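I have placed the structure first, in the form of structure tokens, so that the comments after it can refer back to it.
Every number in this text was worked out from the coordinates using simple rules, so none of it is lab data. Just so it is clear, the model here is predicted, and its values are computed rather than measured. Ideal geometry is used to build each Cβ from the backbone, glycine not excepted, and the neighbour counts take in all protein chains shown.
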Amino acid sequence: MFGTKTSYSLLLAGFTSLVLTGCGGSSSSGDSSSDPLDVYTDLTWSVGSDEMVGLTYPQGAENGSLFALKRSEDSSAERSHTLLQADSSSKELNAVSGISLTQDYYRDVLALPVSGTFDGQELDTAIVATCGYSEASILEGGDGPLISIDRSSVADTSTSAAQLEIYIPGTGISETLALTDVDDDTVSLINCHSMGGLSVYDLAKKGGTGYRVSLYIHGQNNQGAFSTFYVEFIYDYSQNKIIQESIGIFEDREIDWASSAVDVLENSSGDEFYVVSVNVEGSSGLYDFVYKSILVDMDGNPFTSVTDSGADILDLVNNGTDFFAVSADAGLAGVDFGDESFVMLTGGDYESCVDALAVNGTTAWCHDSTDEGTLIEFTLPSVPQTEAVLLPSTDLDLRAEVSKEEAEQIKAELEGAGAEVEVK
């Protein structure tokens, strides 16, 4: 359930006006090369030592900066993480100055564009969020969440809570939120598989003076179970404050664990679908977290064609029409909802996508498996959809969404039993 609300505030010192807006990228990243690059590139990338564990385009931005999260490991196996930023003119991914990521592990990054006046200077930047933790998750080779755990078991408080870290590049403003349930402060998230479901609501619609920002963070809690934490904070632009209202658990016990793929889709009827990817008993799937229904359930790993194990989807996005996914294996998968399956998409550079994926309308970016440290920029292809047919009710009370071929087969079987069925 959602926790009861606690609150605190962070003064945005120096800002005289800060608003969420469609904006360009800031100049807060490090020094850029003199000539623009052809593709988004991290010129400091070390093949074999670096890994991309997050990529995002600020939601709703116009000509905005891309943000990426890089994990590095040196010769002594010491890990470090770097928040990278690149604007569309230089395309160089630089370390964001003034931001130090000190946790042992980080995964995923989200951003919202903001603009305002800081220390007398106009600034286009973003509110950037990432998740840090001290022990490896299942995605880093650590122990995974326990299956069929007793959720009332005593929490192990020896492991530090994961941290939601919030930054506003170019300002020196940052805040860290411990991911501990406000209803029960012994229960915490101890690692992060993913962040998603980012939404913004303008409180001016109800006479307020701020924006409510909310998101979900998925991972393992200190009871050993997969858990989803809901985080909400409000930026009050009349006081230049970020106010955190609530951190609470929102769980579905049907899910034993989900990998780091999450997203939100609103269809034409206004329904909201919060989707998580699952890898269970050799199957790759998608699960509707709101309506508690299976959207995709297919045997094996679509990225490798292996049939006895599923895929850990590392990033899942939608462009309002289709869903797209990437994993640690090269390829771009689309979601065929009619067939409840993943479809590998071909015919473009996106066949080399790996690790991380970001989207802005019809444009997308992903990490290039053939040239590490660079991003592929491409137009999202259409995902072929299997035609679904809704059968009318019969005397046998049959009503289901099936493919055309399945419908014809069922029709024949029902007619053989004396029922009259029309397949439309």
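Summary of computed values
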| quantity | calculated |
| --- | --- |
| Ranked W365, W257, criterion: other C-beta atoms within 10 Å, fewest first | W257, W365 |
| Amide hydrogen neighbours beyond the local backbone of S88, cut-off 5 Å, H modeled | G25 |
| Amide proton proximity set for G300, modelled H, under 5 Å, gap of 5+ | S283, S284, S309 |
| Residues with amide H under 5 Å from that of G373, placed H, sequence gap 5 or more | D368 |
| Segment 8-388, relative contact order in percent, only Cα pairs under 8 angstrom and at least six apart counted | 13 percent |
| Segment 285-360 pair-distance distribution - Cα-Cα, 5 Å bins, rounded % | 3, 16, 26, 29, 17, 7, 2, 0 |
| Least to most buried among S227, S80 (fewest other Cβ within 10 Å first) | S80, S227 |
| Mean projected area in nm² (Cα convex hull; one quarter of hull surface) for segment 8-388 | 19.3 nm² |
| Using a Förster distance of 41 Å, the FRET efficiency for I243-D308 (Cβ separation, nearest 0.05) | 0.25 |
| Hz values of 3J(HN,Hα) by residue in segment 45-56 - Karplus curve (6.51, -1.76, 1.60), Gly and Pro given as x | 4, 10, 5, x, 10, 9, 9, 8, 10, x, 7, 8 |
| Pairwise FRET efficiency - S46 versus S89, Cβ, R0 = 35 Å, nearest 0.05 | 0.85 |
| Phi to ³J(HN,Hα) by Karplus 6.51 cos²θ - 1.76 cosθ + 1.60 over segment 294-299, Hz, x for Gly, Pro | 7, 9, 9, 8, 10, 6 |
| For K292, K206, K91, K70, order by how many other beta-carbon atoms lie within 10 Å, fewest first | K206, K292, K91, K70 |
| Around P36: net Lys/Arg minus Asp/Glu count, Cβ-Cβ under 13 Å | -3 |
| Rg over Rh, two decimals, segment 65-199 (C-alpha only, Kirkwood Rh) | 1.02 |
